[in-house]
Amino acid sequence: MTSPATRFPVALRLLHWLMAVCILAMLFIGVGMVSTVSEMRTWLIDLHKPLGILILCLAAIRLCIRLAYPAPALPADLPVLQRMATHLSHLLLYVLMFALPTIGWAMLSAGGYPVQLFGTFVLPPIAPIDGPLFTFLRQAHTVLAMTLFAIILAHLGAALFHAWVRRDGVWQAMTLGRGQLHVIQLASSGRRYGDRSGVAREAEEDRDPLCRGRNRR
Amino acid sequence: MTRLTLPVALRLLAIGGVLLVLSVVFAIAAGWLPPHRLGAATIVDALEAHDGRHPGFRRAHAKGLCIEGSFSSNGNGALLSKAGIFAKSDSPVIGRFSTGGGQPYAPDGRLAFRSLALSLTQADGEQWRMALDDTPIFPVATPQAFVDFQRATTPDPKTGKPDPALVHTYMAEHPETRTFVRWQQDTPLSTSFANETFYSINAFRFIDDTGKTWMVRWSFEPETPFEAIDKATLGARPANFLFDDVIARLARNPLRWHLIVTIAEPGDPTDDATTVWPANRNRVDVGTLVIDHALTEENGDCRNITFDPLILPSGIAPSDDPLLPARSGAYASSLARRDGEHGKPSALADDPEARRARP
């Protein structure tokens, strides 16, 4: 018997956390390297370029997996607005995972900078050398990077809200560790909650306005 | 199994705390919190304050001319660096002659930097860019000193001249700048870009086939014999005399320079562009630069790229000179600013002599 998936495929979960580390590192490296003219600048830029291309490749693999397998359903009681915000933010995250490295690559091309990754390995330009285009892409790269950081903050905040407040299995849909077995078992028996006893759980929900009305079916 | 249960308010607070910590670390990485960090924007701001903002133009070396040619390697450089440029071959070159300062219409008859910038492309597509000056030494050794020097010599809007007190204070603290100014005053100045020697300013590392590193500087020495200009007549020269001269010369014949690599010995400073190495250091002639063509910036390929000295092929690497990342960063910042502005054509565009440089 097959029940709807309650977790993302393991390959996608691995990619999610690997890319989370890469993308956060990338954002910190990016703002750091443009803030200084110390030798850190050179060092960080040499890291930023290959890491950006790596993220672009990982994003392509991830999108394929994401489209090939259905995503776990969101909790049925999730308010419509939160549901919409979830879908929109996920869409934006995917768009930006592709857009930022691509714009960075095009920006360097438009500025006449060789996209040297390591050693003698140089990527071909993907845009003509063009002054106004360079300025536009450089500004776009900055604005979109800040946007990505803001969406990541919102994404992390929402994920922790699911993990710590709602405790509805959404967090476990993307985690790697053990403990998910409970969720799967409970989910398949109509329960979505973790490892606490039903009595303690429901007693707590009565005090907890954010959980009210859930899980009473 | 029991789990610690906290009131919802505390759990929400914990989430807020996580996000706050992440944001603060981000702000620290970005240099938005004290202490102040010297960035490229500060350097370019200092240049703009010094010479005014001229939309569409480079913030330094604003007045220039695009050039084209080739570099013929004689194979000697392959002993010092594995860079493809040193294999016995010809590589295409684009470049730019320029005069120092941020004023695109400044007259050529000034005691200012004259520069040669080059972009050499190897057979495998890797590029070697450089921006060379006609002085073997630079007035400052660090990016902060560069900004301080610009600020101290920024003209006072009331008098049109730098505040003597600020200049005095700066000079008192910077003997290396005094050395440079003396050098500039005492050294004969050439009559033309064509008979000028141009220097790498900074030290770099050459890495050979075996992985051995050579600390080097380099210069382009002209085949055209040196001729000194009478510095007293500089102010009376036509505004574009240097550029007109080189355009006229190129219309007749190509111009040639030899790329001379100077090899440091242990103890020679590699992080201080204000000092020269002893004159007896080994020098290797590694090839000939041939410039055969000039184009005003509206028509050439030199305007929308930077001659970032950190665009280096594999086999050439930066030294520990702190000016190098600052040059790289400031050039990029200047490019991003000027490329977004709708600048006027260069000072040379309407110059009758320079019309010869049009395609």
task: Go through (1) touching a residue at least 60 places away in the same chain (Cβ under 8 Å); (2) exposed (fewer than 15 other Cβ atoms within 10 Å of the Cβ); (3) within 13 Å of another protein chain (Cβ to nearest Cβ) and name the single condition A:Val31 misses.
output: (2)
query: What are the pairs, 6+ residues apart or on separate chains, where a residue within the stretch B:165-189 that is within 24 Å of B:Ala232 (Cβ to Cβ) has its Cβ under 7 Å from a residue that is part of a helix (DSSP H, G or I) and small (Gly, Ala, Ser)?
result: B:Val167/B:Ala152
- line: Flagged in the stretch A:137-157 as at the interface with another protein chain (Cβ under 10 Å from one of its Cβ atoms) and out of contact with any helix residue (DSSP H, G or I) (no Cβ under 9 Å at 6 or more places or on another chain), in numbering order, are A:Ala150
- prompt: Could you list, in sequence order, the residues of the stretch B:317-348 that are outside any helix (DSSP H, G or I) and either under 17 Å from the mean Cα position of the chain (by Cα) or of a type in the set (S, T, N, Q) (or both)?
  reply: B:Ala317, B:Pro318, B:Ser319, B:Asp320, B:Asp321, B:Pro322, B:Ser346
- prompt: Can you name the number of the only condition in (1) within 12 Å of chain A (Cβ to nearest Cβ); (2) in a loop (DSSP other than H, G, I, E, B); (3) surrounded by 14 or more Cβ atoms within 10 Å (Cβ to Cβ) that B:Pro104 fails?
  reply: (1)
message: Take the residues in the stretch B:16-37 that are facing another protein chain (nearest Cβ under 10 Å) and part of a loop (DSSP other than H, G, I, E, B); name whichever of them is surrounded by the fewest Cβ atoms within 10 Å (Cβ to Cβ).
response: B:Trp32
query: Condition test on A:Leu56, is it surrounded by 15 or more Cβ atoms within 10 Å (Cβ to Cβ) and more than 8 Å from chain B (Cβ to nearest Cβ)?
result: yes
In the stretch A:19-76, residue farthest from the chain's Cα centre (by Cα) [restricted to those that are closer than 26 Å to B:Leu38 by Cα and among the β-branched types (Val, Ile, Thr)]: A:Val37
field: Top-ranked residue in the stretch B:163-181 [being surrounded by fewer than 16 Cβ atoms within 10 Å (Cβ to Cβ) and closer than 17 Å to B:Asp134 by Cα; ranked as farthest from the chain's Cα centre (by Cα)]
entry: B:Thr179
- request: Within the stretch B:81-93, track down each residue that is hydrophobic (A, V, I, L, M, F, W, C) and surrounded by fewer than 23 Cβ atoms within 10 Å (Cβ to Cβ).
  value: B:Ala87, B:Val93
query: Given the residues B:Ile229, B:Ile260, which is the only one that is under 23 Å from B:Asp320 (Cβ atoms) and not polar (S, T, N, Q)?
result: B:Ile260
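Yes/no per residue for (1) surrounded by fewer than 18 Cβ atoms within 10 Å (Cβ to Cβ); (2) at pLDDT 90 or above; (3) among the hydroxyl-bearing types (Ser, Thr, Tyr); (4) closer than 25 Å to A:Phe134 by Cβ:
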position: B:Leu289; (1), (2), (3), (4): no, yes, no, no
position: B:Ala294; (1), (2), (3), (4): no, yes, no, yes
position: B:Asp308; (1), (2), (3), (4): no, yes, no, yes
position: B:Ser319; (1), (2), (3), (4): no, yes, yes, no
position: B:Ser334; (1), (2), (3), (4): no, yes, yes, yes
position: B:Ala347; (1), (2), (3), (4): no, no, no, yes
position: B:Asp350; (1), (2), (3), (4): yes, no, no, no
position: B:Arg356; (1), (2), (3), (4): yes, no, no, no
- prompt: Is it true that B:Asn299 is closer than 30 Å to B:Pro238 by Cβ and more than 20 Å from the chain's Cα centre (by Cα)?
  reply: yes
field: Selection from the stretch B:38-63 of residues that are facing another protein chain (nearest Cβ under 7 Å) and part of a loop (DSSP other than H, G, I, E, B)
entry: B:Leu38, B:Gly39
query: If only one of B:Leu312, B:Leu255, B:Leu324 is touching a residue at least 40 places away in the same chain (Cβ under 8 Å), within 14 Å of chain A (Cβ to nearest Cβ) and surrounded by fewer than 23 Cβ atoms within 10 Å (Cβ to Cβ), which one is it?
result: B:Leu312
query: Can we say A:Phe118 is over 22 Å from A:Val170 (Cα atoms) and in contact (Cβ under 8 Å) with a residue 40 or more places away in the chain?
result: yes
- request: Collect the residues in the stretch A:160-174 that are assigned to a helix (DSSP H, G or I) and of a type in the set (Val, Ile, Thr), keeping them in residue-number order.
  value: A:Val165
- request: Being closer than 17 Å to B:Leu324 by Cβ and out of contact with any helix residue (DSSP H, G or I) (no Cβ under 9 Å at 6 or more places or on another chain) is the filter; apply it to the stretch B:204-213 and report the residue that is surrounded by the fewest Cβ atoms within 10 Å (Cβ to Cβ).
  value: B:Thr213
- prompt: Is it the case that the stretch B:337-350 has a residue that's without any contact (Cβ under 8 Å) to a residue 60 or more places away in the chain, among the charged types (D, E, K, R) and facing another protein chain (nearest Cβ under 7 Å)?
  reply: yes
query: Quick one: would you say B:Ser333 is within 19 Å of A:Asp46 (Cα to Cα) and more than 7 Å from chain A (Cβ to nearest Cβ)?
result: yes
task: Please tell me if B:Thr275 is surrounded by fewer than 16 Cβ atoms within 10 Å (Cβ to Cβ) and over 17 Å from B:Glu196 (Cβ atoms).
output: yes
statement: Per the filter on the stretch B:128-162, residues among the polar types (S, T, N, Q) and over 23 Å from the mean Cα position of the chain (by Cα) are B:Thr159
query: Which of the residues spanning the stretch B:1-58 are of a type in the set (Val, Ile, Thr) and closer than 23 Å to B:His342 by Cα?
result: B:Thr42, B:Ile43, B:Val44
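The values are calculated or read from the model by the stated rules, or taken from the named source; none is laboratory data. All of these numbers come straight from a predicted model, not from anything done at the bench. Positions of Cβ are generated from backbone atoms using ideal geometry, with glycine treated the same way; all protein chains shown enter the neighbour counts.
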